[in-house]
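Chemist: Have a look at this one.
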Amino acid sequence: MDPRSTLPSIDKLLRQTEAQELIVRHGRDNVVGMLRNLLQDRRQAAGRGDAAAGQGVLEECADRLAARASPSLRPVLNLTGTVNHTNLGRALLSRRAADAAFQAMISATNLEYDLDRGTRGNRDSHVEALICRLTGAEAATVVNNNAAAVMLMLNTLAAGREVVVSRGELVEIGGAFRVPDVMSGAGCRLHEVGTTNRTHLRDFANAVNEDTAALMKVHASNYSIQGFTSEVPQADLAALARRHGIPFLIDLGSGSLIDLDAFGLPPEPTARQAIRDGADAVTFSGDKLLGGPQCGIIAGSRALVDRMRANPLKRALRVDKIILAALAETLQSHDDPQRARAEIPTLRLLTRPRDEIRALAQRLCPQVQTALSGLANVQVIDCSSQIGSGAQPVDLLPSAGLAFAETGAVSVSRIAQAFRDLPLPVIGRVHKGQYLLDLRCLEDEAPFLSQLDRLDLAGANREGR
Ligand SMILES: *Cc1c(COP(=O)(O)O)cnc(C)c1O
């Protein structure tokens, strides 16, 4: 007998209750299409002599349809120890920012509508006054991210002309943001001055010519130059730019809006200080230290910001109502530093004391040990977290976590895989040959604990995947 004749027909499969349930959930066309594909595979398997080719067709169909219908982008637990992890989506929004974003999503809004006059309005108006209050700038605008902010600023103010930058600041931020490439992408020419470790005011002064459009400073962000170094104070660069009638621009990167030293964190340049030092325009990210949605903020003089707003690129790079709603609430939280720390997850997590994190680790450790079924050992250790996203790479934050040592039974990479395979994937890091879960960013332990019984260190559930 031809083994292919043992395969069920589509019609027969569709008459079964399980198939009817799948049709309710996924729609008839999807179920029929999937069954057709599956039966084709099974027919080949049968042709190769697989006697079981006709079995479990509906079950596999259900699994495949469920996998296809589940979202690709989903929540994970960031226990890497890097608070602002770009690969894990950076800042978590505050509750009030998330609520505002949700409202903006499901309702019409006055996004570009002036409610007083009943006429067309400007979308920046919902955040401009807030940004100005927090930075001391005259005007502000918002675009898709800080890379876009730098692009818009340079394209508007310096297309076809030169921008002077120190060699020590020609950095690569990651994800293809390299200062020289951004310059050429924006249509301007980079005029590098100084050396990697030392740049002086005279280097800038000698570089200025009739083709110079601006002086620029870029926050080195993700690396630091130590030892015999020298950089030009912002105020001196601002004065030099003013003498030549050209703008002084700063890409702050993270650009905090509040003084982080007050919280015992490593200092980051604030936008307010940059404006006070005489910068004509500064740019910074919305989802780094600000702890808001992904966006890029430009704050500066009214004349320059107006020119940027009139650039067609602004239209291409603008943010939507969801982002603006979340950003406005994030900025409101910054009105008072203590409130900012209480409401904004990024600031709360960055300032979480080690004692509290260690106490959490000690509480969780016995339950985690049980879940390991004797295949591995876990212990509480002190470790160091990072701010992330290029803020202060050298300064580490004292933290604590759970360290898993490799045993003959399981490797570190197998442990890491088992945690990633959980329904709410847990992402840790490998540190000194151990698998480490830094608990700084675990504020709610319940979802972590409730899935531990599904930890599959032996990899049994992966077989045949
Ligand atoms: C992070 C960073 C950028 C890019 O900002 P995004 O918001 O990621 O686009 C640009 N410049 C500096 C100095 C940075 O640190």
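Chemist: For Ile322, Ile387, what's the fewest-to-most ordering of other Cβ within 10 Å of each Cβ? Write down the numbers at each step before the final one.
Modeler: On the way: Ile322 16, Ile387 24.
Neighbour counts put them in this order, fewest first: Ile322, Ile387.
Chemist: What value, in deg cm²/dmol to 500, does the helix sum -39500 (n - 2.57) over DSSP H runs of n ≥ 4 give at 222 nm once divided by the residues of the chain? Could you put the intermediate results ahead of the total?
Modeler: Numbers: 19 runs with 188 residues, N = 465.
Value at 222 nm, helices only, nearest 500: -12000 deg cm²/dmol.
Chemist: Once Lys and Arg get +1 and Asp and Glu get -1 on their Cβ, which of Leu22, Asn37, Cys61 lies farthest toward the positive end of the dipole of segment 7-69?
Modeler: Of the candidates, Asn37 comes out farthest on the positive side.
Chemist: Among all lysine pairs in the chain that are eight or more places apart or on different chains, how many have alpha carbons less than 28 angstrom apart? Walk me through the numbers on the way to the answer.
Modeler: On the way: Lys217/Lys288; Lys217/Lys314; Lys288/Lys314; Lys288/Lys321; Lys288/Lys432.
The number of close lysine pairs in the chain is 5.
Chemist: When Glu210, Glu162 are ordered from fewest to most other Cβ atoms inside 10 Å of their Cβ, what list results? List each step's numbers first, then the result.
Modeler: Numbers: Glu210 7, Glu162 20.
If I rank by nearby Cβ atoms, fewest first, I get Glu210, Glu162.
Chemist: Separate question: If every alpha-carbon in segment 94-343 counts as one equal scatterer, what log10 I(q)/I(0) does Debye give at q = 0.10, 0.11, 0.14, 0.16 1/Å?
Modeler: Scattering profile of segment 94-343, log10 relative to I(0): -0.47, -0.57, -0.91, -1.17.
Chemist: Next question. Relative to the longest principal Cα axis of the chain, at what angle does helix 28-47 sit, 0 to 90 degrees, rounded to 10?
Modeler: Around 60 degrees separate the two axes.
Chemist: If you don't mind, there's one more thing I want to ask. Taking the Cα centre of the chain as the origin, how large is its charge dipole in debye, to the nearest 20, when only Lys and Arg (+1) and Asp and Glu (-1) carry charge on their Cβ atoms?
Modeler: Computed about the Cα centre, the dipole is about 740 debye.
Chemist: Could you tell me what percent of the DSSP beta bridges with both partners in the chain are antiparallel, to the nearest 5? Display every interim value, and only then the final one.
Modeler: Working: 32 of 54 bridges.
Taking every DSSP beta bridge within the chain, about 60 percent pair in antiparallel fashion.
Chemist: Here is a further query. Quick one: divide the alpha-carbon radius of gyration of the chain by 2.2 N^0.38 Å and tell me what you get. Provide the component values of the computation, followed by the final result.
Modeler: Working: Rg = 27.8 Å, N = 465, 2.2 N^0.38 = 22.7 Å.
Output field value: 1.23.
Chemist: Run the numbers on the chain and let me know its relative contact order in percent, using alpha-carbon pairs under 8 Å that are six or more apart.
Modeler: Numbers: 832 pairs, mean separation 86.1, N = 465.
Dividing the mean separation by the residue count of the chain yields 19 percent.
Chemist: While we're here: Relative to the longest principal Cα axis of the chain, at what angle does helix 57-69 sit, 0 to 90 degrees, rounded to 10?
Modeler: Taking Cα atoms only, the helix is inclined about 10 degrees.
Chemist: Where does helix 146-158 land angle-wise versus the long Cα axis of the chain, in degrees 0 to 90, nearest 10?
Modeler: 40 degrees
Chemist: Using +1 at the C-beta of Lys and Arg and -1 at the C-beta of Asp and Glu, which of Gly187, Ala271, Ala46 has the Cα lying farthest in the positive direction of the dipole of the chain?
Modeler: Farthest towards the positive pole: Ala46.
Chemist: Turning to a different aspect of this structure: Provide Ser256, Ser224 in ascending order of the number of other Cβ atoms located within 10 Å of each residue's Cβ, fewest first.
Modeler: Numbers: Ser256 24, Ser224 11.
The order, fewest Cβ neighbours first, is Ser224, Ser256.
Chemist: Under a Cβ-only charge scheme (Lys and Arg +1, Asp and Glu -1), can you give me the dipole magnitude of segment 298-450 about the Cα centre, in debye to the nearest 20? Before the final figure, lay out each step's value.
Modeler: Numbers: 19 positive and 16 negative charges, 139 e Å.
For segment 298-450, the charge dipole is close to 660 debye.
Each reported figure results from applying straightforward, stated rules to the coordinates on display, with no laboratory input. Model, not experiment: these values are computed from the prediction. Neighbour counts run over all protein chains shown; Cβ positions are idealised from the backbone, glycine included.
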